[in-house]
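Notes to accompany the following structure.
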Amino acid sequence: MQFKCEKRSLFVAGRRTSVSIEAEFWEGLQEAAKERGWLLRQLVTSIDAERREPSLSSAIRVFVLDYYRDRRQQQTWSACPFLSRRYSTEHLEVRNGARVILKFKEQQ
């Protein structure tokens, strides 16, 4: 299976840069930006500022992977009716890839 990279130029933190990633990652990145109500360059600037990976392309791939993992976990969590009725989302957090309850105050 071969994936073709697409190269795009963006302004990141006020400077022009080129990013080469697969089309599927561009689509995931666009979806994440749209969900937040951000422009693509705003999201990429945020990823660039927080990255631990050596390249921006790698950081974007990791971000998109985490974005979809988190969405899947949210769907799994909401599918658990007992907990989702008892605890609001403000009581939940993702730690080490799992949802944990932060506060044990039940909803009325």
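Every number in this text was worked out from the coordinates using simple rules, so none of it is lab data. Quick caveat, the model's predicted, so the values are computed rather than measured. Using ideal geometry, Cβ is built from the backbone for each residue, glycine included, and neighbour counts are taken over all protein chains shown.
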Distance (nanometres) between label positions extended 7 Å along Cα→Cβ at Arg71 and Phe11:
2.8
Using Cα-Cα distances under 8 Å and only pairs 6 or more residues apart, what relative contact order does the range 5-79 have, in percent?
26
Under the 0.36 nm per residue contour assumption, what length would be gained going from the current alpha-carbon distance of Arg36 and Arg51 to full extension?
3.5 nm
For the range 5-79, how big is Rg over Rh, using alpha carbon atoms and the Kirkwood form of Rh?
0.99
